[in-house]
Structure formats: structure tokens, C-alpha cells
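Presented below is the structure to which this report refers.
The values are calculated or read from the model by the stated rules, or taken from the named source; none is laboratory data. Remember, predicted model here, so these are calculated numbers, not experimental data. In this analysis, Cβ positions are derived from the backbone assuming ideal geometry, glycine residues included, and neighbour counts consider all displayed protein chains.
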Amino acid sequence: MISRILNLNITVFCIATILLGVSLSGCQKVSVPRVSSKFGNVEEVSSKFVMHYLDTDPKTFASSQAQLKQDASPGLIQTMQKAGVLAKDDKAMKAKQSQLAKRKDKESVAVQKVEVGEVAQSGLIPVRVSGEIQKSASSTPFTYTLGLGIRKDNNKLAVVTITKQ
């Protein structure tokens, strides 16, 4: 009788161990989703922001400038305007487009890696975006670190800081 109870307990233990092993191996196959929330996808916002930030194509320059204004915080918009990255008005934008149209060596931007860090004490999400600016004969690597927060006016992700590495 005791041997029967022991055999039954051993059988139950073995079955439980097998089931636990199967369920754990199934968990190992689950991939971690991209960092996103109700505010937007951090990787996508960061990648697109850098592409618009580096855009020198006269055909897409105006739309990239408009997108930068939507994706940046008000403080960063002012900083980019002072630095000449973002046109202050339509006249300045058209002048920059004209200047870009005269260039012979066209550039394209390729984002290759986006790394999302842990939320900093400031409350910003640090994101490192790396890639290359490709010209006809060469390519130049770039790395930018962005600080993302949430815009109060539309509750969407916004780039608050951008630093070239």
C-alpha cells in the first residue's frame, strides 16, 4: 500500500515536472515587443525624428521641417531655430530649399540602430540613434542621443533634447 502511494506521488511529481518544463520552454520563445505605449512607439518616433533632422533633400525638406515642429518640444523647437536646423519662417525655409537644390552631391540617411534606455531621473526616456549619411562616393556615421517626454498639448511622445555624439 505504501509503495503504491509512493509510486503515485512519484508519478504525479514527474508529470508536474514535465508540464512545468514544457510551460517554461514555451515562455522562452516569447519575444519582447518594441517599446511602445499609449503615447506612441519610442523607437519609431526617435528614428523618424533623426531622419527628418538630417533631411537635405529639397523635395522633402519642407515636410521634414513641419514634422520636426510636431515631434519636438517647444523648447527644442526654439533651440533648433537658433542653431539654424529648423527654419524660423517660410522665407528661411524656401531659401534653404533653394540652397539644397543647388547641391550636386545628394545625401540619404539610413538609421541602423535604435537603443532605448531606462527612464532617467529627469523623467525623459534616453534613446540612442545610430546610422549613416550616405553620399554618392562615401558615407559618414552618426550617433544622436535623444531625450523623449510627453507633450502636454497632445499627450504624444516628443523629443525634448538631442545631442550629437
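What the table below lists for this structure:
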{"quantity": "Neighbours by Cβ (under 9 Å, 6+ apart or cross-chain): first from region 58-84, surrounded by fewer than 16 Cβ atoms within 10 Å (Cβ to Cβ); second among the acidic types (D, E)", "calculated": "S63/D55; P74/D153"}
{"quantity": "Residues within region 86-128 that are exposed (fewer than 14 other Cβ atoms within 10 Å of the Cβ), touching a residue at least 12 places away in the same chain (Cβ under 8 Å) and either closer than 18 Å to K164 by Cβ or of a type in the set (D, E) (or both), tallied", "calculated": "5"}
{"quantity": "Any chance V50 is at pLDDT 90 or above, crowded, with 18+ Cβ neighbours inside 10 Å and not in a helix (DSSP H, G or I)", "calculated": "no"}
{"quantity": "When residues of region 103-127 are limited to those that are of a type in the set (D, E, K, R) and modelled with pLDDT of 90 or more, the one farthest from the chain's Cα centre (by Cα)", "calculated": "E118"}
{"quantity": "Residue pairs meeting the criteria (Cβ under 9 Å; at least 6 apart or on separate chains; first surrounded by 15 or more Cβ atoms within 10 Å (Cβ to Cβ), in region 131-145; second of a type in the set (D, E))", "calculated": "I133/E107; F142/E132"}
{"quantity": "Of all residues in region 146-165 being free of Cβ contacts under 8 Å to residues at least 60 places away in the same chain and in contact with a Phe, Trp or Tyr (Cβ under 7 Å, 6 or more places away or on another chain), the one that is farthest from K48 (Cα to Cα)", "calculated": "Q165"}
